[in-house]
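These notes are about the structure you will find just below.
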Ligand SMILES: [Zn+2]
Ligand SMILES: [Zn+2]
């Protein structure tokens, strides 16, 4: 199996001119097929709607609005705790900085726990997320980028999620971009059943909401807690993450002259725990720290720093640059 896996670097290096040669090696032919199958830009999606995702997104948005009629301080607290574990710990610290870019190392059991937190964000399993994001870095704001604002602001924000081919289920294809994860049966399992932890958490919230409510108000208590803890906080988390794809490729400051339109956005950084320092990130993708100046608030990095102090994270990569002459990594 391993002989058929092509690394993202090999795929990127196989230029189209090279691929047209008749004496193509088997590896180059496979690389070409992967490039063709995985073209993720808007023009390759043929205007199709991914109905399962579109319906799920609609239900979550309706639930998010409904939650506003069930406010309580307890529901707000549950939503904030769930948001922190799904978006900061799960997406920022794990899916992005650990699994996609390997900006630090952590024990396997910890990696699986953090990945389970990531599934709580309803952003798909780790293989889908990591592969899609590696394609984004390979083609940023060029042809094949899954979500560049060049294809429209709405497309970059949410259009790409509800349109196009259902790549979530094409684990074998996506696995070409995440061979490190497809080799791991736990990551394969979590990718297949990525909806399960979120569902279990939802039922636990229903039980807790009912248990905490006064007799006679148990249905309202249960409904309110699951609407806040699952529907509202998931919807807000999705938009915060999507803003990294839309807003930080459109608005903000550029410290580094990268080959894309990435920008540093303080307000997206506040919503996502540091992911908004996106120009810093495109310039230094492996760095576990995205906020590179003291005033660039980066709570996800502070989490990784805390893990390292507790002996749970090692080999933490931190970008170094000259503020007077900032250059992207490798330049
Ligand atoms: Zn980007
Ligand atoms: Zn990235």
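Please treat every number below as a calculation from the coordinates, not as lab data. Predicted, not measured: the structure shown is a model, and the values here were computed from it.
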| request: Write down, largest first, the equivalent ellipsoid semi-axes of region 254-331 in whole Å, where each equals the square root of 5 times an eigenvalue of the alpha-carbon gyration tensor. | output: 21, 15, 10
| field | Against the rule of thumb 2.2 N^0.38 Å, how large the Cα Rg of region 48-254 comes out | value | 1.06
| request: From the C-alpha gyration tensor of region 45-101, pull out the three semi-axes of the equivalent ellipsoid (sqrt of 5λ each), sorted largest to smallest, in whole Å. | output: 26, 23, 5
| Dimensions of region 170-216 along principal axes (Cα, Å, largest first)? | 54, 17, 11
| said: Which log10 I(q)/I(0) values does region 173-331 give at q = 0.10, 0.12, 0.16, 0.17 Å⁻¹ under the Debye formula, counting every alpha carbon as one identical point scatterer? | reply: -0.55, -0.75, -1.08, -1.13
| request: Take region 157-236, compute every pairwise Cα distance, and split them into 5 Å bins from 0; I just need the percent in each bin. | output: 3, 13, 15, 14, 14, 13, 10, 8, 5, 2, 1
